[in-house]
Amino acid sequence: MRAPVSWIRELVELPADVTTEKLTDRLTMLGLKLEAVERAGGDIQGPLVLGRVLSLAEEPQKNGKIIRWCQVDVGDANGTGEPQGIVCGAHNFAEGDLVVVVLPGGVLPGGFAISARKTYGHVSAGMICSARELGIGDDHDGIMVLPADAGQPGDDAFGYLGLDEEVIDLEINPDRAYALSLRGIAREAALGFGVPFQDPALRATPEPNGTGYPVVVDAPDGCPVFVTRTVTGFDPSAPTPRWMAQRLQQAGMRPISLAVDVTNYVMLELGQPIHGYDGDRLSGPIRVRRAVEGERLTTLDGVERTLSAEDLLITDDSGPIGLAGVMGGETTELSATTSHVVIEAAHFDPVSIFRTQRRHKLPSEASKRFERGVDPLLPEAAADRVAELLVAHGGGTVTDGVTKVGAAPEPRSITIPTGLPARVTGMEIPAHTAVANLESVGCGVTVDGGSLTAVVPSWRPDLNDPFDLVEEVARIVGYDKVPSVLPAAPAGRGLTPAQSLRRRVGRALAGAGFVEVVSFPFTGPAALDALGLDEDDERRNTMRIANALSNEQPYMTTTLLPGLLETAARNAGRGQPDVALFETATVTLPRGTVAAPILPVDRRPTPGEWDDLQKALPDQPLHLAVVLTGERERTGWWGPGRAATWSDAIQAVRDVAQVLGVEVEVRSASVAPWHPGRCAELLVGDVSLGHAGELHPKVCTAFGLPARAAAAEIDLDLLLERAAPPSGPVVSSFPVAKEDVALVVDAALPAGELAATLREGAGELLESVRLFDLYTGAQVGGGKKSLAFALRFRAPDRTLNDEEITAAREGAVALAAERHGAVLRG
Amino acid sequence: MSGPNTDYDPVEVTPLKADEVEAARDAALAAIESAGTLEELKRVRTEHAGDRSALALANREIGALPPQARKEAGQRVGQARGAVSKALAARQAVLEAEHEERILVEEAVDVTLPWDRYPAGARHPLTTLSERIGDVFVAMGWEIAEGPVVEAEWLNFDALNLGADHPARTMQDTFWMEPPENAIVLRTHTSPVQARTLLTRKPPVYVVCPGRVFRTDEYDATHSPVFHQVEGLVVDEGITMAHLKGSLDHFASSMFGEGITTRFRPSYFPFTEPSAEVDLVCFVCRGTGLDPAVGTSVGASGSTAAEPTSSAHGSCRTCKGEGWIEWGGCGVVNPRVLVACGVDPERYTGFAFGMGIDRTLMFRHGVEDLRDLFEGDVRFVGAFGTEI
Ligand SMILES: [Zn+2]
């Protein structure tokens, strides 16, 4: 809400020492936050003065233009008192006219510096200004010609043009609809500085009678009050007074015509949206009703709208003539010929206006106020004020007829313990302060023992609950008075195991050289196609966003890979082809399309209701994904680097599992988006965590990744659930026995499987088994490979003897031979 | 070996002459002194202290002397041999030390050679900052609560006193899941975790919830459809706004340094009443609004309320000369929220607050463009491979 400071000061007499800064500081601390202070002519530098055109000579130019060489009296503003010679291109003025002159040394908006310069054969010492050049209007009709009584030549023009006006822009929260008016802002200023407030809405208005423009309200729930007044004989060509146009502009509205400007002015002044009708274009009584589904109306913005049965309509015998409280229609709008003005000042149901505004995406100055709640006692005063201003500036007569249909609701009252504000805020607030503060916002307050009852003023629809009163009391006492006291929380249990483990996972990966990234959880069909997912891949079962920002990414992602691969490609594109990235985030896995219930809010949900609500939500497991591109180890003076491979991706998951104390089993698999021969499934027992390996070459191409990029994605929740700290590890101090065995097996046998067999066959004495060599080639023959393992044996309680060691080793080899046809390599 | 020769005149035996012994000793000492390497010293040892050295030969002659001469000659030769032996040992020690030193010198390497063989990893600053925030509250005995990002409309709005027709809903540009009538949204704030917490725990409740939230904002340097908030919620007997202030002051000083506190300004949130905006004393200029780098030349010129037009040069960049940084929103939990969650509003009161983590990261660490947080450039994240 933009408010000229002079307008505020006109409505409330502030102490002399209250500067604009003090005013805005106080308003901010009362809850009307200052966004900006602007000076209307902040980008203009003087001298900018009034001048009288003494003479003008028209001089045709070679380019076809006719310029005017003017002698302009600028009083003593030029230091000499002599007339100022100025060349002017406009023709809309005459000798003797009062104009606005910027003299050499001045600067106009846009940094346009004025100097005496030679042009069209004269030295032009200054400029006669148009409203446009001064940034105070978009009049195209030439320079500003001021009324004869505007002042004397040489007078400073800033004041006259309102260019020295400070305008404050306040952020108004939705609960403070009353402050969307000068009336409301002035009231806050008054209570902020403890000065009396004269409510501009308090005016004597004529009693309603049966002779006003007829109104029928068929939907009193949507329209509790409807007032009309009528002005006849109004001069539609009468100009808007300069002060009014300036205030509208300063408040951010465009002056249009006197009749329209008056309705807007009164809305700004009092907060009551007003609609004006051309009375000659109305046919029959004004009727307020709900629309018929599918009914049509062309609103003032020229858009034809199809209406809903919930929309509140203004109609006459011709049909719909306006969307109540939102926007009027074209057929009855005020025009350049309107001399018969019917003024509408009504009160509309906030919810109805809110819904209509949203349905038609038609926020307006009127709907903004109605949907937040307008003072229902305003219509009569506001209509009267409009009539007064119309007649004062456009002539005509206010007719005697005053229509009023309906009535404002009775005021509410709220009773609270007088100590409640102190109890809620922790400030010392005596009862008399609570009473005084509530009275200053307009409540009528009575105290009865330990409680007080506040009758809520009509302009405060936001005050409904006891705590609403607490806020009113507290903000006037001042939030800066709230003491700072640490609450004593009961002893906490620290992070949950899952929370600690998640941190551990991130640290482990960062320690292993992975860089964490945060991606948006949105994806789309193109990305899922680029992953090479089958039509029936469960990762294509996505939840769709109804109002996604991008048509390319309308889904909640089911996999972290698209975002991660795009990030890796972005790094490659920025000259960083060697990266190892990881991300942990939830994915969204739909469970069906059950609606989430909208539960009551006046009680706790029942267990059944709570269950239904939870079940309607999708599964959102935490995933972990990694991607590696380019070199995992760099080339350097130590020698060549090492390219990242499928094994790095698998190892990343193993590293994570290791810090969680979980053993992960690796099995060969063939799943998109991985290379079908270089893909591993990662399991804990029978539970599949996810996959890892080298990405399919087509996937690398589709995402623009360096060749042979590797990636992994697992359900981290599944892994975290299985995390287990070690239990009773025993470290034997007896000597170790080391035995190496090299086994020749079928090339297709996974090394992990063979290692597991050796472990099983070696029995309890085996401390560890580790693959240390892999050989394929002529020495073992085609279709075979040799795997060399280092076995370590140790007993917890004794030194092993040769027989025991041999037996254990042979047991391992024998089981490998039996199960896999493994042959000990000679 | 011959027997003692009683006629033998010891004075006449050359090797035992005092000057000859001295000469042999001096020659030995001189040779030892000039030995420059361990090898040379070894040769010197053989020549001057070996079996065939002059002093060894002289020593051998002592036995042949008449008893009366033996003592004197023995003493003389013994002293000379002792001096040589000591000198040898000393020289040996010196040369060995020199030798070891030389080897170490020869083994010197260029320690400035890089060992960036294994690129460093890093956690994302949003993660580390969220953890740090969590730690501040966990240290006070609070716990960390969590909730899903795809959330029921009822929890995101209705339970928080944001009914379907509440104008404040337009302040929250919401992503709706298809079909919208299923009433499932991307949570627009972390506040639904308030309701979840109250529905799943009994008071006293002291929790914070860092998490990801969504609004339909276009993506630019200061806006993102995806961002992060931290929510705080306390519900207990006797909780007041003063406890809210105390908690946020503690939070502020923990994150930004001793003496950094907060200011409340009245505001509006449907789920709190009274509600306030939280401003943080600027931790860079400590509330003066002046650029600390410019220093006293500006500060000395006058009050902190510098003229808006003239403050462009000397004003603090972090707070734009305001002295305060907008940090978040807070308030006393609206009793209507307690009722919807089955908490007795007569017995319990509470407070809640919410701050943007992304924004906090940006002003706390001078990040200019919000998009840096989500683009995953390893140079950006790598710069934050620290605790923050
Ligand atoms: Zn600052």
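The values are calculated or read from the model by the stated rules, or taken from the named source; none is laboratory data. This one's a predicted model, so the numbers in the text were calculated from it and none came from an experiment. Ideal geometry is used to build each Cβ from the backbone, glycine not excepted, and the neighbour counts take in all protein chains shown. We work out accessible area using only protein heavy atoms, side chains counted, and drop any ligands, DNA or RNA first. Shrake-Rupley method; radii C 1.70, N 1.55, O 1.52, S 1.80 Å.
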Checklist outcome for this item: The lone condition B:ALA122 fails out of (1) within 30 Å of B:VAL234 (Cβ to Cβ); (2) in contact with an Asp or Glu (Cβ under 7 Å, 6 or more places away or on another chain) is (1)
Next on the checklist: What's the number of the only condition in (1) within 14 Å of another protein chain (Cβ to nearest Cβ); (2) open to solvent by 30 Å² or more (accessible area, probe 1.4 Å); (3) within 30 Å of A:THR635 (Cβ to Cβ); (4) not basic (Lys, Arg) that B:PRO125 fails to meet?
Outcome noted: (2)
Checklist entry - Listed residues A:GLU803, A:GLU764; which is of a type in the set (Asp, Glu), over 24 Å from A:GLY685 (Cβ atoms) and loosely packed, with under 12 Cβ neighbours inside 10 Å? => result A:GLU803
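Conditions (1) part of a strand (DSSP E or B); (2) on the phi < 0 side of the Ramachandran plot, marked per residue:
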{"site": "A:VAL37", "(1), (2)": "yes, yes"}
{"site": "A:ALA77", "(1), (2)": "no, yes"}
{"site": "A:ASN92", "(1), (2)": "no, yes"}
{"site": "A:GLU95", "(1), (2)": "no, yes"}
{"site": "A:VAL101", "(1), (2)": "yes, yes"}
{"site": "A:GLY105", "(1), (2)": "no, no"}
{"site": "A:SER115", "(1), (2)": "no, yes"}
Item to check | Every residue from the range B:168-181 that is open to solvent by less than 20 Å² (accessible area, probe 1.4 Å) and not basic (Lys, Arg) | outcome: B:ALA168, B:THR174, B:PHE175, B:MET177
Next on the checklist: When you scan the range A:728-736, do you find a residue that is of a type in the set (Val, Ile, Thr), outside any loop (DSSP other than H, G, I, E, B) and touching a residue at least 40 places away in the same chain (Cβ under 8 Å), even just one?
Outcome noted: no
Checklist outcome for this item: Taking the range B:157-167 and keeping residues more than 7 Å from every other protein chain (Cβ to nearest Cβ) and open to solvent by 10 Å² or more (accessible area, probe 1.4 Å) leaves B:ASN161, B:GLY163, B:ALA164, B:HIS166
Checklist entry - For the range A:701-719, what are the residues that are open to solvent by 20 Å² or more (accessible area, probe 1.4 Å), hydrophobic (A, V, I, L, M, F, W, C) and either under 14 Å from A:THR559 (Cα atoms) or in contact with a helix residue (DSSP H, G or I) (Cβ under 9 Å, 6 or more places away or on another chain) (or both)? => result A:ALA702, A:PHE703, A:ALA707
Checklist outcome for this item: Over the range A:385-402, the set of residues open to solvent by 20 Å² or more (accessible area, probe 1.4 Å) and either under 30 Å from A:ASP462 (Cα atoms) or free of Cβ contacts under 8 Å to residues at least 12 places away in the same chain (or both) is A:ARG385, A:GLU388, A:ALA392
Checklist entry - Any residue at all in the range A:204-224 that is assigned to a loop (DSSP other than H, G, I, E, B) and within 14 Å of chain B (Cβ to nearest Cβ)? => result yes
Checklist entry - Would a scan of the range B:65-82 turn up a residue that is within 30 Å of B:ALA352 (Cβ to Cβ) and not β-branched (Val, Ile, Thr)? => result no
Checklist entry - Which residue pairs have Cβ atoms under 8 Å apart, sit 6 or more places apart or on different chains, and have a first residue in the range B:321-339 that is at the interface with another protein chain (Cβ under 9 Å from one of its Cβ atoms) and part of a strand (DSSP E or B) and a second that is open to solvent by 30 Å² or more (accessible area, probe 1.4 Å) and more than 16 Å from the ligand (Cβ to nearest atom)? => result B:GLY331/B:PHE269
Checklist entry - Limited to the range A:481-530, what total is found for residues that are among the β-branched types (Val, Ile, Thr) and either more than 7 Å from chain B (Cβ to nearest Cβ) or at positive phi (or both)? => result 3
Next on the checklist: Criterion first (part of a strand (DSSP E or B) and assigned by TED's automatic domain parsing to the domain that holds A:VAL659) does A:THR584 satisfy it?
Outcome noted: yes
Checklist outcome for this item: Of A:GLU344, A:GLU388, A:GLU371, the only residue that is part of a helix (DSSP H, G or I), in the same structural domain as A:THR230 (by TED's automatic domain parsing) and under 22 Å from A:LEU258 (Cβ atoms) is A:GLU388
Checklist outcome for this item: Taking the range A:109-135 and keeping only residues that are open to solvent by less than 30 Å² (accessible area, probe 1.4 Å) and touching a residue at least 24 places away in the same chain (Cβ under 8 Å), one is left with A:THR119, A:SER124, A:ALA125, A:GLY126, A:ILE128, A:CYS129, A:SER130, A:LEU134
Item to check | Which listed residue is open to solvent by 60 Å² or more (accessible area, probe 1.4 Å) and farther than 16 Å from B:VAL284 by Cα, from B:GLU387, B:GLU322, B:GLU326 | outcome: B:GLU387
Checklist outcome for this item: Of B:ARG201, B:ARG215, B:ARG196, the only residue that is among the basic types (Lys, Arg) and open to solvent by less than 40 Å² (accessible area, probe 1.4 Å) is B:ARG196
Checklist entry - On the given criteria, is A:THR315 among the hydroxyl-bearing types (Ser, Thr, Tyr), more than 30 Å from A:ILE172 (Cα to Cα), open to solvent by less than 10 Å² (accessible area, probe 1.4 Å) and assigned to a strand (DSSP E or B)? => result yes
Item to check | Whichever residue in the range B:262-284 is within 14 Å of the ligand (Cβ to nearest atom) and open to solvent by 10 Å² or more (accessible area, probe 1.4 Å) and, among such residues, is farthest from B:ARG169 (Cα to Cα) | outcome: B:VAL284
Next on the checklist: I'd like the full set of residues that are in contact (Cβ under 8 Å) with a residue 60 or more places away in the chain and touching a His at 6+ places or on another chain (Cβ under 9 Å), limited to the range B:165-220.
Outcome noted: B:THR190, B:PRO210, B:GLY211, B:ARG212, B:VAL213
Checklist outcome for this item: Of B:ALA58, B:ALA35, B:ALA80, B:ALA90, the only residue that is of a type outside the set (Val, Ile, Thr), farther than 19 Å from B:LEU16 by Cβ and in contact with a helix residue (DSSP H, G or I) (Cβ under 6 Å, 6 or more places away or on another chain) is B:ALA35
Checklist entry - Just a yes or no: is a residue in the range A:396-403 of a type outside the set (A, V, I, L, M, F, W, C), part of a loop (DSSP other than H, G, I, E, B) and within 19 Å of A:VAL262 (Cβ to Cβ)? => result yes
Next on the checklist: Against the condition under 30 Å from B:GLY36 (Cβ atoms), over 60 Å from the mean Cα position of the chain (by Cα) and more than 14 Å from every other protein chain (Cβ to nearest Cβ), how does B:ALA80 come out, does it pass?
Outcome noted: yes
Next on the checklist: Tell me whether the range A:540-555 contains one or more residues that are surrounded by fewer than 21 Cβ atoms within 10 Å (Cβ to Cβ), more than 29 Å from the chain's Cα centre (by Cα) and more than 11 Å from chain B (Cβ to nearest Cβ).
Outcome noted: yes
Next on the checklist: Among (1) open to solvent by 60 Å² or more (accessible area, probe 1.4 Å); (2) over 36 Å from the mean Cα position of the chain (by Cα); (3) within 17 Å of A:VAL374 (Cβ to Cβ); (4) assigned by TED's automatic domain parsing to the domain that holds A:ALA366, there is one condition A:VAL227 misses while meeting the rest; what is its number?
Outcome noted: (1)
Next on the checklist: Against the definition (touching a Phe, Trp or Tyr at 6+ places or on another chain (Cβ under 8 Å) and surrounded by 21 or more Cβ atoms within 10 Å (Cβ to Cβ)), how does B:VAL208 come out, yes or no?
Outcome noted: yes
